[in-house]
Amino acid sequence: MQNQKQNTPSLLISGAIFALFLCWVTSATPVFAQTDAGDIESDISKIEKKLKQETQELNALKQDLTQINSSLTSTQALILRVQNLLNQTEQTIGQKEKEIANLEQQLVLERHVLAGLIQEMYFTGDVPLAGIVLSENDLLGFFQGNDNLFSTQEKMQEVIRDIGEMRAKVTDEKRSLEETKADHAQLLAIKNKQKQALVSEKVETQDDLEEQQATIAELQSKLNELKGDLNKLLGKSYDAKNIKDAIKFAASKTGVREGFLFGMLSVESRLGASVGGCDYKQSRMSAYRLGIFKEIASELKYDYKKLKVSCPPRSYKGTGGAMGAAQFMADTWKGYKSVIASRTGHNPPDPWNLTDGVMAMASKLSNDGGAKDGKTTITSPCNGKKVSVKWETYASMRYLGWSCYALNNYAKTIQSLSGNYKNL
């Protein structure tokens, strides 16, 4: 009994210390959680700031590329105009050369005629042989000295003068055209150099643009991942109770109309009830998609050999492998993974989870304009003509694959089913 009394104070002290320790431990956990959340929020803020800067740079590059394309278009148009002018000038020069050649032939012909007249006069005895000369100036003098040939000389002199003037005029025109041709050729060379410089600048800007887009995609992925981590840490992840709950939640996060989501889910997976009956082998998915499929399964601690995916289509050539309510292929899921995680708080998200699956579908539809009102103009895959369609129609066509069937059957079926959402 004595020993028990002596030990009582020490036990009380020990108990008090232990109680204090428990209080410190239990109170410390939220502090640590708050600290972690604060760190994540700080990282999110930094990435959002960086993302804003990178987006501004991307927009500037897009403007530069637009300006370059505009300059390239105008330069190319000018090159075509100058080339056409050059071709026309060359053709005109060719015509002038033919005219000059014809005039030369006329002069030769006129000289032959004159020679014939002189020869005839000689044989008739009207002119002594010594008076016959062949030069043009002597011929004119010769005719002036013989009254009986004055009329003929006057006419021939006029013809020779006209031909000479015409030849001089055409020669001047040809010379002027050759100068114009040289100017056009010089301008063409300058514009071709400008075009080459613009093409090089365009290639460089496009490379910069692609790098910038990759940087933004990486930042966006990291941002979505951090938001998902924050939601998970703060207990903000969401699990839908049923398909209607999942549709409402996804619609609230993406802006996609609930009825539209209902129609899409009805067609794609019968509201999540039909997500596929084949394994990875039976689906005949590509080696590339199989690799990603294995990664998804590994992250979720699933045996990929036992997972069910869609079977290959029977009505057309293709492969299966679509997963869950959204019927996403593995590579498409990978592309939306971080977005889904940031919106549902599930990291990693699960294609076979109802909340994640519906969110995946809504995210893709929203990304393709499915949350927009009004219409957009597309080139019909049926006849190549421009047609106006609702943004929801456009988004559903992008979801299935651009085809005439998607426009005339798939999209229309979805719209007709969307009205049944109110009965869900």
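The values are calculated or read from the model by the stated rules, or taken from the named source; none is laboratory data. Since the structure is predicted, the reported quantities are computational estimates derived from the model, not experimental observations. All Cβ positions, even for glycine, are placed from backbone atoms using ideal geometry, and neighbour counts span all protein chains on display.
Between residues in segment 350-371 that are outside any helix (DSSP H, G or I) and residues that are modelled with pLDDT of 95 or more and surrounded by fewer than 20 Cβ atoms within 10 Å (Cβ to Cβ), which pairs lie under 6 Å by C-beta distance while being six or more apart or on different chains?
Hits for this filter: Asp368/Arg398; Gly369/Trp391; Ala371/Gly255.
Can you report the number of residues in segment 246-281 which are of a type in the set (Lys, Arg) and either in a helix (DSSP H, G or I) or not assigned by TED's automatic domain parsing to the domain that holds Tyr304 (or both)?
3
Against the condition under 29 Å from Asn347 (Cβ atoms) and in the same structural domain as Glu268 (by TED's automatic domain parsing), how does Gly370 come out, does it pass?
The answer is yes for Gly370.
Are there any pairs with C-beta distances below 8 angstrom linking a residue in segment 43-54 that is touching a residue at least 12 places away in the same chain (Cβ under 8 Å) to a residue that is β-branched (Val, Ile, Thr), with the two at least 6 apart or on different chains, and if so which?
Going by the 8 Å Cβ cut-off, the qualifying pairs are Leu51/Ile216; Glu54/Thr215; Glu54/Ile216.
Select from segment 200-243 the residues that are exposed (fewer than 14 other Cβ atoms within 10 Å of the Cβ) and of a type in the set (A, V, I, L, M, F, W, C) and write down the one among them that is modelled with the lowest pLDDT.
Ala217
I'd like to check something: does segment 282-296 contain any residue that is out of contact with any Lys or Arg (no Cβ under 8 Å at 6 or more places or on another chain), surrounded by 16 or more Cβ atoms within 10 Å (Cβ to Cβ), at pLDDT 90 or above and part of a loop (DSSP other than H, G, I, E, B)?
Yes; the residues of segment 282-296 include at least one that is out of contact with any Lys or Arg (no Cβ under 8 Å at 6 or more places or on another chain), surrounded by 16 or more Cβ atoms within 10 Å (Cβ to Cβ), at pLDDT 90 or above and part of a loop (DSSP other than H, G, I, E, B).
Cβ-Cβ distance below 6 Å, separation of 6 or more or different chains: which pairs start in segment 309-323 with a residue that is at negative phi and end on one that is modelled with pLDDT under 90 and surrounded by 16 or more Cβ atoms within 10 Å (Cβ to Cβ)?
Here the result reads Val309/Gly276; Ser310/Gly276, each pair linking segment 309-323 to a residue that is modelled with pLDDT under 90 and surrounded by 16 or more Cβ atoms within 10 Å (Cβ to Cβ).
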